[in-house]
Amino acid sequence: MPVVSVLSLKGGVGKTSVTLGLAGAAAAQNLRCVVVDLDPQGNATTVLAPDGVEFTANDVLTGDRPVTVGDALAVSGWGESVRVLAGEPALERRNHPPDGIPGRHHVRSALSGLRDADIVLIDCPPSLAELTRNALAASDTALIVTEPTAFALAGAQQALGAVDAVRSAHNLRLRPAGIVVNRFRSGTAEHRYRLDELLAAYRDLVIDPVLPERSAITRAQGAGVPIQRWPSPGAREVGRIFAGYLTLLLSSAGAGAGPFSKGAR
Ligand SMILES: Nc1ncnc2c1ncn2[C@@H]1O[C@H](COP(=O)(O)OP(=O)(O)O)[C@@H](O)[C@H]1O
Ligand SMILES: [Mg+2]
């Protein structure tokens, strides 16, 4: 049961979209997927619209209340195969522990009771602060999301630095799964330039293919359905790409998507 953290240095780059795309890909293959929404904004929770949420990720992370992940998991509006540990604004406090002492293993302990899933996806908050580090301490792999802009390289560098730091201090099995370059517009010279910059630094980590900008992603989210069920050519294209990413995450030998160094480019 691979546990995958989806993270980035900042917000708005596509962490939630990638998490949801992967969850939809898992559901399309009848795999059991758990989405852990650690973002206080709870965007993944909103789109997945889980039924009858009694407890959230925040409750499970509160050590003094006996709420287990089993108590808190709710079936998503996408069907039985996708379950959700909901996010809520109260998670924000956990990014800045009041006593200043980080507890790096809260998420790992919380997820230790989880058995019946084929993949666990953790949608991280939009920073590399405490909750993201907690997620990394609980993960097998880290999927970094970035846009092909001027800050992409620095952002990827910092995210990989956080992965390294958590690996050496807390979780030796953690490794980067790769870098998703999101909202790529192939006709844009700036995007091509930034992609080349990323490739020059991290050829083995940048995932091929990149994720193109497609309005279907936003539309499907607005309608609360998986991109795999959205009827448009753009949605089908992106659906195929997420299927490849999922294969990559489920097997290190992943076919269909992989590092640029192994692809045709
Ligand atoms: N490849 C894409 N093409 C078009 N819109 C996208 C794409 N990826 C993300 N978006 C949109 O951009 C916004 C921010 O994405 P989101 O996944 O919420 O980012 P994050 O979780 O990193 O804050 C959302 O409205 C989302 O629908
Ligand atoms: Mg998000």
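Quick look at the values:
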quantity: Residue satisfying condition, being in a helix (DSSP H, G or I), in contact with a strand residue (DSSP E or B) (Cβ under 8 Å, 6 or more places away or on another chain) and not β-branched (Val, Ile, Thr), within set 90, 135, 117, 142; calculated: 135
quantity: Boolean, residue 23 is in contact (Cβ under 8 Å) with a residue 60 or more places away in the chain, within 16 Å of ligand 2 (Cβ to nearest atom) and surrounded by fewer than 19 Cβ atoms within 10 Å (Cβ to Cβ); calculated: no
quantity: The range 21-63, residues that are within 16 Å of ligand 1 (Cβ to nearest atom), of a type in the set (Asp, Glu) and more than 21 Å from residue 143 (Cα to Cα); calculated: none
quantity: Helices (runs of 4 or more DSSP H) contained entirely in the range 174-262, each with at least 1 residues that are more than 21 Å from the chain's Cα centre (by Cα) and within 15 Å of ligand 1 (Cβ to nearest atom); calculated: 189-202, 233-250
quantity: Some residue of the range 29-44 being within 16 Å of ligand 2 (Cβ to nearest atom), in contact (Cβ under 8 Å) with a residue 12 or more places away in the chain and touching a Cys at 6+ places or on another chain (Cβ under 6 Å); calculated: yes
quantity: Odd one out for residue 39, checked against (1) at pLDDT below 95; (2) acidic (Asp, Glu); (3) closer than 21 Å to residue 224 by Cβ; (4) open to solvent by less than 60 Å² (accessible area, probe 1.4 Å); calculated: (1)
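The values are calculated or read from the model by the stated rules, or taken from the named source; none is laboratory data. Because the structure is predicted, anything quoted here is derived from the model rather than measured. We place every Cβ from the backbone using ideal geometry, glycine too, and count neighbours over all the protein chains shown. Surface accessibility is based on the protein's heavy atoms, side chains included, excluding ligands, DNA and RNA. Shrake-Rupley method; radii C 1.70, N 1.55, O 1.52, S 1.80 Å.
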